[in-house]
Structure formats: structure tokens, C-alpha cells
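Enquirer: Below is the structure I would like to discuss, written out as C-alpha cells.
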Amino acid sequence: MMKTKLLIFGLFFCHGILAQSSSEKARIIEWADYYFINQDFDKALSRYSKLGESIPLQSRRNFSLVYSQMRQLKQAAKILRPLAESDSAEVKDYYYFASYLTDNEKLRDEYRRKANRLPIEKYPQNLKDTLASFYELIPLSLNTEGSEFGAHLINIKKNNLLIYSKKQSDDYTKSLSKKILSKTPIYNLYQAEWDTKTLQANSSKAFPLGLNSVFQDGPSSWDPKKEVLYLTRSAQKTQKQKTIQLDIYSWTFNKSQKQIAQPLNINSEGYATIHPAVSPEDRRLYFASDRPGGFGGMDLYYVDILENRNYGSPVNLGPDINTAGDEIFPFVYQKNYLFYSRKTDNGSLSPKLAINIIDLRWDIMDLPTPFESNRDDFSFSLDPNLEYGFISSNRDSGKGEDDLYAFKFSPTMMGEEDQYSYNPIDTLIVSQKGVLKNDNVLMMSYDPLTALFSKEAVLVENVHHGALKLNTNGSFLYKNRDALQLKDSFSYSVKSNYGKSPVIKVLLQRSEVELEKLPQAIQKTFLPIFYEFDKSNLLIDYKDRVDAVVAAMKTQPEMIVELSSFTDCRGRKEYNLKLSEQRNQTIIDYVRGQIQNPDRIFGKGYGESMAKGNTTLDYLIVSGSYNNIENALIQQKNLEALGYNPEIKKTNENLYQVIVSQANTNAEAQKTISILNEQGKEGWINFCDCCQLKEDEHLKNRRTDFKIIKL
């Protein structure tokens, strides 16, 4: 006996120590990540700090960001360094680490170069459908047979004006020198009154000379903070080939005096600097240029907008965006979302959305139908409040060469069912993989524009067997209150300024470890216990087995076990249920008295309810057995007239038996037979199918099963 106990203890001991340490660490990380994602940085710092030097690499990122939030950059760098120096480092890790190195410019630049060499983790995009059902492109009534493009809005003195480019009118060409050559039509800037209700523009007219010129003007972009209009314009002098060079100019709105558009000092002689796009939030001006040092063709750049009409040095947006071809017509929304068009292999312009990951790294997404056609689609823009937008296109359905289209910003909220696993003892902690994660992926697979606005999870139906805390960011806590329940669930909706999604269900499944996947020692310990008939003194007859369970749970302090006890089908149902409950509780009480956290073992007795073939009570009262169903139906009606509720059962011999009732004991059955005889009806007693099983089958039903819920 002692050798058996020592063997069991030895098998579990080493594994138990390792499991305890690993489990405790995992639990600390779960709580720390939860507090981090919910911006409770003090609690997150407290949990992460408990990990000491053994903090896993992937946990260091959040830990360092906590210190960064607290402006403790040296400590942030110390925490992140092991990850930044490992093969597991991602693009963000290099950039974060570089940003913490405020006193080492050389090392900071080295890690930025490392970040630029790594591929970024792309946001999953699997366009399942077009956006045609979400967005309708509305052609503007001001379109002509010529070209109109580059629409955007400016708000001056509470007036909404639509600014766009249009082919130059004859009023501006009278003084145009014939020595100037242009490979393309020349355009000027126009303004029109914008109606937000009809999404149409009225009273279109060209800007006066001073903003417009006799050469190229437009497209443009508006800086609402400084009330400055940036525009593409022909340079004041021609190139050697007598063609026009295009530069960027600025024009300051001032009603009191006439303003002249001024060239920017970022223009490069001999090269195009075109298509300005202001990012008011981070004070940057984006543009396209074919200047040297790019990736080929027209590249996208930005400069910082400084004070007193000064600008920083041009910064190329890098290889995530720029290619050997042309990238043009940028538009920036809320500084992190850049729309532009890329020239495809067949020469058409295709609209893109670039989501800023960090610094100059971007995730590039396609804009599908209706924004993309098989023609040129460009100059995508949105109003600041995300109510409507514009795009230019020369698609076949248009009125002229390039047409302007408006659309109402009308994304559709949707989501998909999630499933999580919990154990009934611990709180289920869900942070980074919250319920909104899959919903965002799903919505963006249909509509990339859903990346532009925030969403929140709103509880619709609470859980049924526990307590739930659902946060608006999709993270949640769940604590089960009924360990015997295998499942729970709750429902929520995705909410935004654009409505709510249909109700989304979240399934919560109680965890269970498959017996075959457990270590051999645990498998042998937790095999079923089979009982001799009517044996109940467990702590004498089966003490070795129960002691093995105690030893296993002592050396595995995180182990959670469920017990289920059963009987065979013979005897009264009530007695069998009580017997199984007694057996089950005896084991539970014994184990609980010898382990820490005694709630780790629980269970229930089920009596004879699971016995094979046990669909009735032990004794059947039969009144008639017939070769054909018609005679059985007649007998059934006769018995119903006497107040019984008989059923017809087909036997293995293809006979139709009329079952008057059932009984737990032979005495009860005999009493029913006597009453039938007094009423002039014959009857006899049959055993139920289960009662006729062989003893070895009954033995299989008399057992206690173990389920490992958590190891």
C-alpha cells in the first residue's frame, strides 16, 4: 500500500510543481492584460511587476507600454529590451523600443532601420462581397461632358462650400501663352454651395484670379485650423521642354483683401510636387512627387506644417505604400487613415486605404465596389463628421470624362458568434481576444471603411448561471455560479453612431480535459470506480482509489475534478438516486477534507437515469399482446374508457403490447393487476428491458466517473 502511494506521489510531484508555477504566472498575466486593455495602468503595473525577471517575451510589450504611459521611458526600455533583442520582435516592438531611447540617437536609428526591414502583420482582408448594398454613389448634377474631380468641403463662416477642379474655361485662356505646352487639359478651382440633405451642389462658379491662374489650378486641400487652402498649380516658369511644372501653393482666406497664392518652399525644381492633403490633427501636409530618392514614379510624402509658413523636410511614406509605379491623390482622415490611388498594371487608378500601424508602417487595403471600377477611381475624400464622402471616376456610367460622385457614409454593423471556455472555479478573463475582435474582422472583410470609427459592445441578454462584466471594448469577466452546468451564454450588439448590429450570441463552454491527453499516471488514477451490488462503504472497500485521487489533487493544485455517480436500474428509482448521491458525496467530502481550495472537486449523483435501456420503471403491467396494431388500438380504447392512460409498445417479436402502467415494486404491480381483474380485464407483469440485462451489464452501470475540468 505504501509503495503504491509513494509511486503515485512521485509521478505527480515534479509535474505538479511546474504546473503550479506556470499556472500562477499565466493567471497574473491574464489579470495584468485585462487591466492594461481597460486602461487601469496602476493595477496592470502591480500585476506585471509580480512576474519578476521571468516575464514572458510577449507580455513585455504591454508591460513596457504601461511604463510609457507613466512617462517612465528608461524603465519601459529596460522591460522591452529582451523582446526587442529576440527573434520574436515585431515591427511595433522596434519602434516602441526606439521611442524609449531618448538619450541614444544612434541606437534609436538602428532599431528604426530594423523596423523598416521587417514585414508588418497585415490586417486580414477577405472581401466577401461588394459594398454595393452599403453605399450608393450619387453623380453630382454639376458634372459636365468635360472633367470634374478632386472634390472636398471647406466650412467658412458656417457656409459649406464644395471645392473641386474643372476644365479651364475660356475666360482664363485669353492671355495663355502659346509657347506653353501641356500634355493634359488645364484645370481651375471651382466652388459651389453644398446641400448636406440632398448631397448635391448648387451655384457653381470659378474662383477669381489670384487663387486661379491662367495655368493649372487644383486639386486642393483645406486646413481648417489656419484657414489655408493648399492647391496644385503650374510653376511660374516652364521647363526646358516648354512643358508646365506643377507645384503646391498656399492661399490664405481673407475677405478683407485680395490674396495671391504663394508657392511652398518644399517644391523641387524640375520635379512635380502635387495633390496636397492636409492632416489637421498632427499638422502634416501630404503630397505626391516624382522627386529623386523615391521608389519610382510618383511617391507619397509628408512634411510637418510649422509656424510662419515654414515646413519640415519631406518624408517618403515608405515601401508599404510606395511602389515603382504611381501613388497619387492622397487624402488623410484623423491622421491614421490615408486614402490614395495607385496606378495598376493596366494603367487605371485603383483606390486604396492605408491604416497607419506605427510611424511609417501601413496596412494597405483595397476599396472594393462601388468605389473601385475597371476605370480610373481617385480623389476619395470624407467630411470630418463621417456623414458623406466623394470620389472621382471616369467610369462608363458617368456623364463626361471625369465625374464627381457623392455617397452617404452608411456602414452596416454586424458580428459573429464567439465561443469561450471556462472552468467553474476561476473567473474567466478575456482581454485582447474580446467579443469585438472577430466582429471588426468580419465588418472590415465586407467594408474596410468600418475601420474609421469606434464601436462598442452593448449587453442584450445576461448570462444564466453566473456573473458577467462586459466592457464596451469587448473585454469581459465571467464567473460561473453552478459548476454542474456545462454551458452558459450571453448576447450583445455592436453599437456605433451608425446603428446597432443584430443580436450576437456568445457561447460559454465549461472546460474539460480529454482523458487520453492526460499523463499516464493521472489517466490510471481517474478511471471509473465500479461497485459491487448495493455496496456503500466506500472508505473501506475503495479507499485506495480515493486516496489516489487525493494524492493527485494535492500535487496538482490547479486541478479541478467533477464526480458523477450512477446505479443500475434495479430497485426503486428514488432509492437508487439517493444511493448514487451518497456515494458521490462521500468521495467529495473525503477529498475536500485533505486538499486546499476544496471547491476544486464537486459533482452529483444521477441514480439509474443513465442506465442503458432504462426507459421505464422496473415493472410493466401489460393487458394484451397482439399480432396486428388494429386489435391493440381497440384494447387501448377499452382501457381508456376505464380511466387508464395506456401506451402501445412493439416488442422484438413484432407483437403489439398494450402497457397499462408501470411500477417500481412487484407489490405495486400486483395491486394494479387485481384492480384490472375486478374490472373484467386480464393483465400480467413484465420486467423492463433494463432489468433483464446480465449482471456484467448491471456492473457497468454501477460506477463513479471522473472528469478533469482543468489540469
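The values are calculated or read from the model by the stated rules, or taken from the named source; none is laboratory data. The shown structure was predicted, so the numbers you read here are calculated from the model rather than taken from an experiment. Neighbour counts run over all protein chains shown; Cβ positions are idealised from the backbone, glycine included.
Enquirer: If you take the residues of segment 161-198 that are of a type in the set (Asp, Glu) and modelled with pLDDT of 70 or more, which of them is nearest to the chain's Cα centre (by Cα)?
Expert: As a first pass, look at segment 161-198 and keep what is of a type in the set (Asp, Glu): 170-171, 193, 195.
Now narrow it down to the ones that are modelled with pLDDT of 70 or more: 193, 195.
On the way: GLU193: 41, ASP195: 37 Å.
Checking each candidate, the answer is ASP195.
Enquirer: OK, next. Which one of these is in contact with a strand residue (DSSP E or B) (Cβ under 6 Å, 6 or more places away or on another chain) and at pLDDT 90 or above: LEU386, LEU404, LEU442?
Expert: LEU404
Enquirer: What's the total number of residues in segment 75-98 that are among the charged types (D, E, K, R) and part of a helix (DSSP H, G or I)?
Expert: Taking segment 75-98 first, the residues among the charged types (D, E, K, R) are 78, 81, 85, 87, 90, 92-93.
Checking the rest, the ones that are also part of a helix (DSSP H, G or I) come to 78, 81, 92-93.
Selection size over segment 75-98: 4.
Enquirer: Among the residues of segment 368-391 satisfying the criterion of being more than 23 Å from ASN159 (Cα to Cα) and of a type in the set (Ser, Thr, Tyr), which is surrounded by the fewest Cβ atoms within 10 Å (Cβ to Cβ)?
Expert: Among residues in segment 368-391 that are more than 23 Å from ASN159 (Cα to Cα) and of a type in the set (Ser, Thr, Tyr), the one surrounded by the fewest Cβ atoms within 10 Å (Cβ to Cβ) is THR369.
Enquirer: Condition first: within 55 Å of the chain's Cα centre (by Cα) and among the hydrophobic types (A, V, I, L, M, F, W, C). Can you find one or more residues in segment 670-690 that meet it?
Expert: yes
Enquirer: What are the residue pairs meeting all of these: first residue in segment 234-253, first residue modelled with pLDDT of 85 or more, second residue surrounded by fewer than 21 Cβ atoms within 10 Å (Cβ to Cβ) and aromatic (Phe, Trp, Tyr), Cβ atoms under 9 Å, and 6 or more apart or on different chains?
Expert: Partner pairs satisfying both residue conditions: GLN245/TYR271; TRP251/PHE207.
Enquirer: I'd like to check something: does segment 332-343 contain any residue that is aliphatic (A, V, I, L, M), outside the structural domain of SER59 (by TED's automatic domain parsing) and either without any contact (Cβ under 8 Å) to a residue 40 or more places away in the chain or in contact with a helix residue (DSSP H, G or I) (Cβ under 9 Å, 6 or more places away or on another chain) (or both)?
Expert: There is no residue in segment 332-343 that is aliphatic (A, V, I, L, M), outside the structural domain of SER59 (by TED's automatic domain parsing) and either without any contact (Cβ under 8 Å) to a residue 40 or more places away in the chain or in contact with a helix residue (DSSP H, G or I) (Cβ under 9 Å, 6 or more places away or on another chain) (or both).
Enquirer: Residues that are touching a Cys at 6+ places or on another chain (Cβ under 6 Å), at least 3 per element: which strands (runs of 3 or more DSSP E) completely within segment 582-670 meet that?
Expert: Where strands (runs of 3 or more DSSP E) fall fully within segment 582-670, none carries at least 3 residues being touching a Cys at 6+ places or on another chain (Cβ under 6 Å).
Enquirer: Please enumerate the residues belonging to segment 315-340 that are more than 25 Å from ARG112 (Cα to Cα) and assigned to a loop (DSSP other than H, G, I, E, B).
Expert: Answer for segment 315-340, where residues must be more than 25 Å from ARG112 (Cα to Cα) and assigned to a loop (DSSP other than H, G, I, E, B): GLY325, ASP326.
Enquirer: Here is a list: LEU73, LEU57, LEU45, LEU65. Which entry is at pLDDT below 95, aliphatic (A, V, I, L, M) and not assigned by TED's automatic domain parsing to the domain that holds ASP363?
Expert: Answer to the check: LEU57.
Enquirer: Please verify whether segment 132-142 includes one or more residues that are modelled with pLDDT of 90 or more and in a strand (DSSP E or B). If you could, list the steps in order and put the result at the bottom.
Expert: Residues of segment 132-142 that are modelled with pLDDT of 90 or more, as a first pass: 135-142.
Next cut, in a strand (DSSP E or B) only: 138-139.
Yes, because at least one residue in segment 132-142 is modelled with pLDDT of 90 or more and in a strand (DSSP E or B).
Enquirer: If I ask for residues that are among the hydrophobic types (A, V, I, L, M, F, W, C) and under 16 Å from GLU682 (Cα atoms), which ones from segment 649-670 would you list?
Expert: Scanning segment 649-670 gives VAL658, ILE659, VAL660, ALA669.
Enquirer: Continuing with this model, one more query. Quick check on segment 474-481. Is at least one of its residues of a type in the set (Phe, Trp, Tyr), closer than 30 Å to ARG600 by Cβ and part of a strand (DSSP E or B)?
Expert: yes
Enquirer: Now for a different question. Please specify each residue of segment 463-499 satisfying the condition of being closer than 19 Å to GLU416 by Cα, surrounded by 14 or more Cβ atoms within 10 Å (Cβ to Cβ) and of a type outside the set (S, T, N, Q).
Expert: VAL463, LEU470, GLY474, PHE476, ASP488, PHE490, TYR492, VAL494, LYS495, TYR498
Enquirer: Continuing with this model, one more query. Name the residues in segment 555-595 that are more than 30 Å from ARG27 (Cα to Cα) and among the acidic types (Asp, Glu), would you?
Expert: Result: ASP568, GLU574, GLU581.
Enquirer: Name, by its number, the condition in (1) surrounded by fewer than 16 Cβ atoms within 10 Å (Cβ to Cβ); (2) on the phi > 0 side of the Ramachandran plot; (3) not charged (D, E, K, R) that does not hold for PHE329.
Expert: With (1) surrounded by fewer than 16 Cβ atoms within 10 Å (Cβ to Cβ); (2) on the phi > 0 side of the Ramachandran plot; (3) not charged (D, E, K, R) applied to PHE329, the lone miss is (1).
Enquirer: Could you check segment 374-424 for strands (runs of 3 or more DSSP E) lying wholly inside it with 1 or more residues that are closer than 30 Å to GLY466 by Cβ and not assigned by TED's automatic domain parsing to the domain that holds SER204?
Expert: In segment 374-424, the matching strands (runs of 3 or more DSSP E) lie at 418-422.
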